[in-house]
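Below is one structure, written out as structure tokens; the observations come after it.
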Amino acid sequence: MITQTWRKYFEFSSIEKNRTNGLCKLCNRNYKDQNGIFSNFLKHLKRAHSTEYDQIFNPEDSFSSEQKHVNNDNIPSTDSTRSTHRQNRIILSTTKNLIIRCNLPLNIVECAGFRDFMKDCCSKYEPMSAKKIKRDIIPSLVNDVFETIHETLKKIDYLSLTIDGWSDRRCRSFLGITCHFLDHKMMSQAYLLDFVRFKSPHTGENIKQLTEDVLERFEIKEKVFKIITDNASSMIKAYKFGLFGDEAADEHGDTSGSMSEVVSVFDDYDYDHELNDIQMIDINHDEDNDDPEGTTNVRLSCFAHTMQLCVRDGLKNSSNITRVLNKCRVLAKFSHKSSKMSDLLDEINKHINKMNVTRWNSEYLLIKSILSIGKNDLESITKLMDNSIKFSNNDLIVLEEIVDVLEPFYEISIKCQAETIVTASMVVPAVVHLLSHLRDMKENILFCTKLVQQLQISLETRFSGIIKRLNQNDIEENDPFGDPVYFMAAVLDPAFKFYWIRDLKLPANAENRLKQSIIQFILDDISKDTTTSSNILTDQKADQSFSSLSLSLSSSSSQSSTPKPKKRKLFNYSDSNNDESNNSTSMDAANELE
């Protein structure tokens, strides 16, 4: 029956290699496909002869007639009306739950298997086309979501934005804008405000203009507290003077023409293309650009991205590690091309991760997957290679040391990718933890000393603002991560308070000064929105806090000789030395602010 339907529009003939040639009777064009397969003919019919296509798959053009009744509540309840409403619910549920939530392509509704399945579920189901979903259903859902988010954002006073750009395998660029805030129940919320095609040029002016357009559409431009981006030069330039600075484009020409090319993702979406084939990769920016955070107090650098740049610095500048990593890359590349090696890995229930420079922690995961195989199995696997490589005992020791050194970087990056919990408070404790970890690792490694040194140098450079505040030094205008908000967030987070300061192993007086400076940051921030009289009271309270702080800390920070430090879990302060500071109220900034 299917063949008879196709013969109405195509004249078929068998050709070589078990293939079929089909001559379109409507336009006299030839198309070829495997015997018994009609996908190429289907695509031609759908694209070139939509009317004939609808006659096959949408004989009654059901959805158009259903739309006339979907919002009409005055029509009496009849069998026909109930059937129409049920059909509309099926269409809406298919779009929301199957296509959107399950991330499936739009053309699934045109597959014969899907339609047969729906007929089994509902005998009165009437087929629909992907074009109708794209043009009618999805825009309606987008509008509903926009209204919901818009109404929610009207009720909040402050929010922060995260902005990032990608390009897919087809080199199409996108820009994503997400907002984060605390709702009336003090629960962390995150909404995707927009995800749009971003056509070249990818300049800072265009990025800023696009951001302002989105913020004005949601009426939240005055509510933005911070904007978090990566270290790309265009991102830094976009928010160098905040959201309210004068645009250079206003002086040298109008750039609105380029922004008119920014279109919705679905406007360019090829709905017969599998979504799984679209793999996002980073747009090629200058990632090593030094971040002048000090030029404005609205933009902050992405902590996880900056930390990954530190890892890249360390691995790139260590020659002996580069040699061993090259062996790992060659092995990983071969393992994904050799069927023999894949079969052997399946037998031992192991796999080797791929190496991808744009993927965070890819080096760490690659090395860990190789070490998990074991020396004997690893030798058997490498023998299958055309140009066999060998991992010596020293090579394996180097790999083990790399894993030990990079493990905290991996753990921190995973924690920082959470959406519904606060992560700003992790920044300072994480930097302190990494510095103390590298300090302790120097005594326990044989071959990766240079890696540790390079990581320390990179941390001190890329987080120079935090390092200078820890050392009680003056902050310069262009020091990255120089915003005091990182310290305030850490101290006010009950998970951290002042516990992280223990890792610095500071003298008592230096520890006291550091705590006092952080408390002063908090008091100064509180006093911004208070009256003059309340400022006087705050200053008096601050003086009292500092006096009590000095007294309470005098006996809590004394250092004593300790044995070789053992490996400690990330952000786990319960196993610290059980000195008086563990139970001291000086660890809690709230006690000092009362």
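The table below lists the values:
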{"item": "Residues in the stretch 142-156 that a label on Glu219 would reach, taking backbone N under 15 Å of a point 7 Å out along Cα→Cβ", "result": "146-156"}
{"item": "Nearest-20 debye value, the stretch 304-464 charge dipole, Cβ charges on Lys, Arg, Asp, Glu", "result": "540"}
{"item": "Packing-based ranking, highest mean first, of 506-516, 451-461 given that Cβ atoms within 10 Å are counted", "result": "451-461, 506-516"}
{"item": "Added length on full extension, which subtracts the Cα-Cα distance from 0.36 nm per residue, Lys390 to Asp54", "result": "114.8 nm"}
{"item": "Amide proton proximity set for Leu193, modelled H, under 5 Å, gap of 5+", "result": "Ile177, Thr178, Cys179"}
{"item": "Fewest-first sequence of Phe391, Phe114 by Cβ atoms within 10 Å of each Cβ", "result": "Phe114, Phe391"}
{"item": "Phi-based couplings in Hz for the stretch 396-405 (Karplus 6.51, -1.76, 1.60; Gly and Pro marked x)", "result": "5, 5, 4, 5, 5, 5, 4, 4, 4, 6"}
{"item": "Alpha-carbon centroid distance for the pair the stretch 467-504 / the stretch 344-384, whole angstrom", "result": "38"}
{"item": "Span per principal axis, largest first, for the Cα atoms of the stretch 304-464 (Å)", "result": "48, 38, 21"}
{"item": "Fewest-first sequence of Trp500, Trp360 by Cβ atoms within 10 Å of each Cβ", "result": "Trp360, Trp500"}
{"item": "Normalised contact order of the stretch 304-464, rounded percent, pairs of Cα under 8 Å and 6 or more residues apart", "result": "33"}
{"item": "Sorted by Cβ neighbour density within 10 Å, fewest at the top, the residues Ile138, Ile466", "result": "Ile138, Ile466"}
{"item": "Unsatisfied cross-links (Cα-Cα over 23 Å) in the set Lys383/Lys450; Lys96/Lys131; Lys368/Lys442; Lys237/Lys415", "result": "Lys383/Lys450; Lys237/Lys415"}
{"item": "Hull-based mean projected area of the stretch 117-163, where the convex hull spans the alpha carbons, in square nanometres", "result": "6.0"}
{"item": "FRET efficiency for Arg513 and Arg312, using Cβ-Cβ distance with R0 set to 35 Å, rounded to 0.05", "result": "0.50"}
{"item": "Relative intensity, log₁₀ I(q)/I(0), of the stretch 2-57 from a Debye sum that treats every alpha carbon as a point, q = 0.20, 0.28 Å⁻¹", "result": "-0.65, -1.25"}
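Read-outs throughout are calculated quantities, based only on the coordinates presented, and are distinct from any laboratory measurement. Here the structure is a predicted model, which is why all the values come from computation and not from measurement. Positions of Cβ are backbone-derived with ideal geometry, glycine not excepted, and every protein chain shown enters the neighbour counts.
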